[in-house]
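Take a look at the structure set out below.
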Amino acid sequence: MAQSDLCPCGSGRAFVVCCGPYLTGTALPETAQALMRSRYTAYTRRDGAYLSATWHPTTRRSDLGLDEPVKWVGLDILATEAGGPEDTRGKVEFVARYKVGGRAERIHETSRFQRWKGRWFYVDGDIAEANAGSAGDPA
Ligand SMILES: [Zn+2]
């Protein structure tokens, strides 16, 4: 598989069988983690329509920040809590890595998700303290 076919979410699967069907609307993510991954992929593709559609209406922002010159370089899922096909709420803790102006940055967030009318939505998240947990990180 060519590198360019790999899904940006880091699943190791091809985009067309990973987040692709979610972004094109041919399938719905069954778990909070799948939605989280697909939203990360949407950020890498600057897919504002998908990001808005998967953001809970009560917390959705009009400014998605897609104008910022950010290059997303990787996603690591650290933990999940609930968020399964039978749940209505879930949490996903992740680190998303990106570059801006050539500098490597990262976001460490625990996001909350809610299922509403059969769909998972991103609600909001708690950003971990800067540098928390990164002591000794060679990056
Ligand atoms: Zn994916």
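Is it fair to say CYS18 is touching a strand residue (DSSP E or B) at 6+ places or on another chain (Cβ under 8 Å), open to solvent by less than 20 Å² (accessible area, probe 1.4 Å) and near the ligand (Cβ under 8 Å from one of its atoms)?
Against the criterion (touching a strand residue (DSSP E or B) at 6+ places or on another chain (Cβ under 8 Å), open to solvent by less than 20 Å² (accessible area, probe 1.4 Å) and near the ligand (Cβ under 8 Å from one of its atoms)), CYS18 does not qualify.
Restricted to the stretch 26-52, and to residues that are of a type in the set (S, T, N, Q) and in a loop (DSSP other than H, G, I, E, B), which residue is most open to solvent (accessible area, probe 1.4 Å)? It would help to see each step written out before you state the result.
Filtering the stretch 26-52 for residues of a type in the set (S, T, N, Q) gives 26, 31, 33, 38, 41, 44, 52.
In the following step, the residues that additionally are in a loop (DSSP other than H, G, I, E, B) were identified as 26, 31.
Details: THR26: 110, THR31: 42 Å².
That would be THR26.
Return the residues of the stretch 82-105 that are in contact (Cβ under 8 Å) with a residue 12 or more places away in the chain, open to solvent by 50 Å² or more (accessible area, probe 1.4 Å) and not aliphatic (A, V, I, L, M); say none if nothing qualifies.
Across the stretch 82-105, the qualifying residues are PRO85, ASP87, THR88, ARG89, LYS91, GLU93, ARG97, LYS99, GLY101.
Which count do you get for residues in the stretch 24-49 that are near the ligand (Cβ under 9 Å from one of its atoms) and not basic (Lys, Arg)?
Our first condition is that a residue be near the ligand (Cβ under 9 Å from one of its atoms); within the stretch 24-49, this holds for 34, 37-38, 40-41.
Restricting the remaining residues to those that are not basic (Lys, Arg) gives 34, 38, 40-41.
Residues in the stretch 24-49 being near the ligand (Cβ under 9 Å from one of its atoms) and not basic (Lys, Arg): 4 in total.
Criterion first (assigned to a loop (DSSP other than H, G, I, E, B) and modelled with pLDDT of 95 or more) does ASP124 satisfy it? Spell out how you get there, then give the answer.
Details: assigned to a loop (DSSP other than H, G, I, E, B): no; modelled with pLDDT of 95 or more: yes.
No: the conditions fail for ASP124.
Quick one: would you say PRO8 is within 16 Å of the ligand (Cβ to nearest atom), part of a loop (DSSP other than H, G, I, E, B) and within 21 Å of ASP124 (Cβ to Cβ)?
In short, no.
The values are calculated or read from the model by the stated rules, or taken from the named source; none is laboratory data. Remember, it's a predicted structure, so these values are computed and weren't measured experimentally. Backbone-built Cβ (ideal geometry, glycine too); neighbour counts: all protein chains shown. Ligands, DNA and RNA are excluded from the accessible area calculation, which covers all protein heavy atoms including side chains. Shrake-Rupley method; radii C 1.70, N 1.55, O 1.52, S 1.80 Å.
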